Amino acid sequence: MPQRRVVTGRSQEPRQRFAEELRLLRAEKGVSLRELAERLGWDPSQFGKLENGHTLGGPEVVQALDQFYGTPGLLLALWELAMADPTQFRERYRRYMVLEAEAVSMWQYSPSLLPGLLQTPGYATELLRQGGLKGDELGAQVEARMGRREALLRDDCPRYRAILSEAVLRTPLQEPDEWQGQLEHLELMSHRLNVTIQVLPMSVGLHGLTNTHTMFLRGPSGQTVAWVETGYSGELVQETAAVEHLQLRYDRVRDLSLSPDESRQFIERMLEEAPCEPST
């Protein structure tokens, strides 16, 4: 089949095409970013980031733009294509990794899995294998994940707090000795001066981050961003208001959690209860 000929001269990459369309429509309308913000009631920086491709925003703002420009459904359709593009997750994650490497402090909540920064090779291997990786690709990904852990051990290490749902510690690995090693590693890390580990008991019930893996990163400039992830996608949240909203939820979860000392004792109890590899 012959390759489709590009006739518009516009980008064929969904995210870039969405941003390009936004710039063209605003130019045709003859309004500035500030005027656009005043008409629609959003911050001017939000529209600037949309037009630069730094964010995709949400459906509400896109629908408002469709109405303002008189393009019913066009921008929303382009937005949906951009959101569904699998390359977007990889690009956002690369940006996140840069910010993580530069962070001076990090705080995280994990509802179902151990954070990558606290995983052992055995935990990472089983988790990534369940995700379909194998062979050399699996080995490379495990090695890369172990490399990330070094950030917590270097001389200028960042401050790091992890709140783990109790469910995380009650979901063992298939190999008892690997699970034992993972719990021992958690207990060891909890003694580091730059690391704080807390456990959120399942008895607290539902809360604001029940199904949301969330990591906050504070950079050298003092700006804080958040990475929010489900099992299938992730989003880098940079808008101040959105980050503050997530931070409020995180603070409430922290208030419900066991203290660091109580959490260490909980991990030690889990170690005592962990099944041992049968002797031969």
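The values are calculated or read from the model by the stated rules, or taken from the named source; none is laboratory data. Source: prediction; values computed, not measured. Virtual Cβ from ideal backbone geometry, glycine too; neighbours counted across all protein chains shown. Just so you know, the surface numbers come from the protein's heavy atoms only, side chains and all, with ligands and any DNA or RNA stripped out. Shrake-Rupley method; radii C 1.70, N 1.55, O 1.52, S 1.80 Å.
Kindly state which helices (runs of 4 or more DSSP H) lie completely within the stretch 12-75 and contain at least 1 residues that are open to solvent by 20 Å² or more (accessible area, probe 1.4 Å) and modelled with pLDDT of 90 or more. If you could, list the steps in order and put the result at the bottom.
Numbers: elements: 14-29, 33-40, 44-52, 59-69.
Result: 14-29, 33-40, 59-69.
Which residues, taken from the stretch 151-168, are out of contact with any helix residue (DSSP H, G or I) (no Cβ under 7 Å at 6 or more places or on another chain), within 14 Å of residue 259 (Cβ to Cβ) and open to solvent by less than 10 Å² (accessible area, probe 1.4 Å)?
164
Could you please give the count of residues in the stretch 233-280 that are of a type in the set (Ser, Thr, Tyr), at pLDDT below 95 and loosely packed, with under 13 Cβ neighbours inside 10 Å?
Going through the stretch 233-280, the residues of a type in the set (Ser, Thr, Tyr) turn out to be 233, 240, 250, 257, 259, 263, 279-280.
Pick out the ones that are also at pLDDT below 95 and you get 233, 240, 279-280.
Narrowing further to those that are loosely packed, with under 13 Cβ neighbours inside 10 Å: 279-280.
Counting residues in the stretch 233-280 that are of a type in the set (Ser, Thr, Tyr), at pLDDT below 95 and loosely packed, with under 13 Cβ neighbours inside 10 Å gives 2.
When only residues in the stretch 208-227 that are without any contact (Cβ under 8 Å) to a residue 40 or more places away in the chain and open to solvent by 60 Å² or more (accessible area, probe 1.4 Å) count, which is farthest from residue 165 (Cα to Cα)? I'd like the intermediate steps shown before the answer.
If we filter the stretch 208-227 for residues that are without any contact (Cβ under 8 Å) to a residue 40 or more places away in the chain, which is where we start, we get 221-224, 226.
Add one more test, that the residue is open to solvent by 60 Å² or more (accessible area, probe 1.4 Å), and what stays is 221, 223.
Numbers: 221: 31, 223: 27 Å.
Among those that are without any contact (Cβ under 8 Å) to a residue 40 or more places away in the chain and open to solvent by 60 Å² or more (accessible area, probe 1.4 Å), it is 221.
Please go through the stretch 183-207 and pick out each residue that is in contact (Cβ under 8 Å) with a residue 24 or more places away in the chain, open to solvent by 50 Å² or more (accessible area, probe 1.4 Å) and either under 19 Å from residue 122 (Cβ atoms) or among the acidic types (Asp, Glu) (or both).
184
Looking for something crowded, with 19+ Cβ neighbours inside 10 Å, assigned to a helix (DSSP H, G or I) and out of contact with any Ser or Thr (no Cβ under 9 Å at 6 or more places or on another chain) - is there at least one such residue anywhere in the stretch 105-120?
The answer is yes, given that some residue of the stretch 105-120 is crowded, with 19+ Cβ neighbours inside 10 Å, assigned to a helix (DSSP H, G or I) and out of contact with any Ser or Thr (no Cβ under 9 Å at 6 or more places or on another chain).
Filter the stretch 139-150 down to residues that are buried (at least 17 other Cβ atoms within 10 Å of the Cβ) and either touching a Phe, Trp or Tyr at 6+ places or on another chain (Cβ under 7 Å) or among the basic types (Lys, Arg) (or both), then give me how many there are.
2
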